[in-house]
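Participant: Take a look at the following structure, please.
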Amino acid sequence: MKSGFLHSIYEKLIKARGSPHEKSLGFGIGVCLGILPGMGPIAALFTSALFRANKATALAGSLITNTWLSIVTFGLAAGIGCLITGENSSTIREGWQKLTAEFTVSQLFKFLASSIAITVIIGYIVIGLLAGILSYAASFILFKSLTKKSQSDRLP
């Protein structure tokens with residue numbers, strides 16, 4: 001059943017309206033915003049509308065990367081953020097351990113207002129932008145080749 005569901009989504013994305021650029025731009029925007037914690041489908045739809053990109057591919061990109069990938073990339077985001085800001089990685093680790101050990105809403109707000117959170121957010125932005133650009137490029141090649149194939153299939 002899942003393969004039928006995934007095939008159906010694939011078909012809808014391939015047949016979505018728009019040029020390869022519009023579809024790829026939407027997908028890249030979705031991937032970028034899906035990686036950033038707290039962003040996701042709504043931000044991807046809104047941003048893709050602003051850039052006149054394909055909303056269906058933006059939603060797909062966002063859903064593919066939303067939440068699970070931002071959890072996986074936390075360490076990488078912290079590391080990149082430390083490199084950019086000069087923050088000590090042990091400070092990030094200690095702040096995260098304190099938050100998870102003594103989790104309260106007030107601790108969460110303190111964490112979000114700290115330089116630790118800013119450092120990690122900067123790392124996520126870098127990862128999101130890189131992933132979005134790479135996703136745009138890869139999906140552009142895919143959509144361009146599928147458009148050519150579709151056009152050649154229609155020829156008598």
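The values are calculated or read from the model by the stated rules, or taken from the named source; none is laboratory data. Not measured: the values here are computed from a predicted model. Every residue, glycine among them, receives a Cβ derived from its backbone with ideal geometry; neighbour counts consider all protein chains shown.
Participant: Of all residues in the stretch 35-62 being free of Cβ contacts under 8 Å to residues at least 60 places away in the same chain, assigned to a helix (DSSP H, G or I) and of a type in the set (Gly, Ala, Ser), which is surrounded by the fewest Cβ atoms within 10 Å (Cβ to Cβ)?
Facilitator: Within the stretch 35-62, the match that is surrounded by the fewest Cβ atoms within 10 Å (Cβ to Cβ) is ALA49.
Participant: For the stretch 8-22, does any single residue satisfy the condition of being assigned to a helix (DSSP H, G or I), among the small types (Gly, Ala, Ser) and closer than 14 Å to LEU129 by Cα?
Facilitator: No, there is no match, as no residue in the stretch 8-22 is assigned to a helix (DSSP H, G or I), among the small types (Gly, Ala, Ser) and closer than 14 Å to LEU129 by Cα.
Participant: Also, I was wondering about something else. SER70 versus (1) farther than 30 Å from PHE143 by Cα; (2) under 20 Å from the mean Cα position of the chain (by Cα): which is the lone unmet condition?
Facilitator: Every listed condition holds for SER70 apart from (1).
Participant: While we're on this one: Mind checking which residues of the stretch 73-86 are surrounded by fewer than 21 Cβ atoms within 10 Å (Cβ to Cβ), more than 15 Å from the chain's Cα centre (by Cα) and modelled with pLDDT of 90 or more?
Facilitator: Result: GLY79, ILE80, CYS82, LEU83, ILE84, THR85, GLY86.
Participant: Any chance the stretch 46-67 includes a residue that's more than 27 Å from ARG17 (Cα to Cα) and not polar (S, T, N, Q)? Break it down stepwise before answering.
Facilitator: In the first step, residues of the stretch 46-67 are kept if they are more than 27 Å from ARG17 (Cα to Cα); the result is 67.
Filter once more, so that each one left must be not polar (S, T, N, Q): none.
No - not one qualifying residue is present in the stretch 46-67.
Participant: A further question follows. Restricting to the stretch 100-153, count the residues that are surrounded by fewer than 14 Cβ atoms within 10 Å (Cβ to Cβ), of a type outside the set (D, E, K, R) and not in a helix (DSSP H, G or I).
Facilitator: Counting residues in the stretch 100-153 that are surrounded by fewer than 14 Cβ atoms within 10 Å (Cβ to Cβ), of a type outside the set (D, E, K, R) and not in a helix (DSSP H, G or I) gives 3.
Participant: For residues that are buried (at least 16 other Cβ atoms within 10 Å of the Cβ) and among the hydroxyl-bearing types (Ser, Thr, Tyr), scanning just the stretch 63-72, find the one that is farthest from ARG93 (Cα to Cα).
Facilitator: Across the stretch 63-72, the extreme among qualifying residues is THR65.
Participant: When you scan the stretch 121-135, do you find a residue that is of a type in the set (Gly, Ala, Ser) and over 21 Å from PHE27 (Cβ atoms), even just one?
Facilitator: Yes, because at least one residue in the stretch 121-135 is of a type in the set (Gly, Ala, Ser) and over 21 Å from PHE27 (Cβ atoms).
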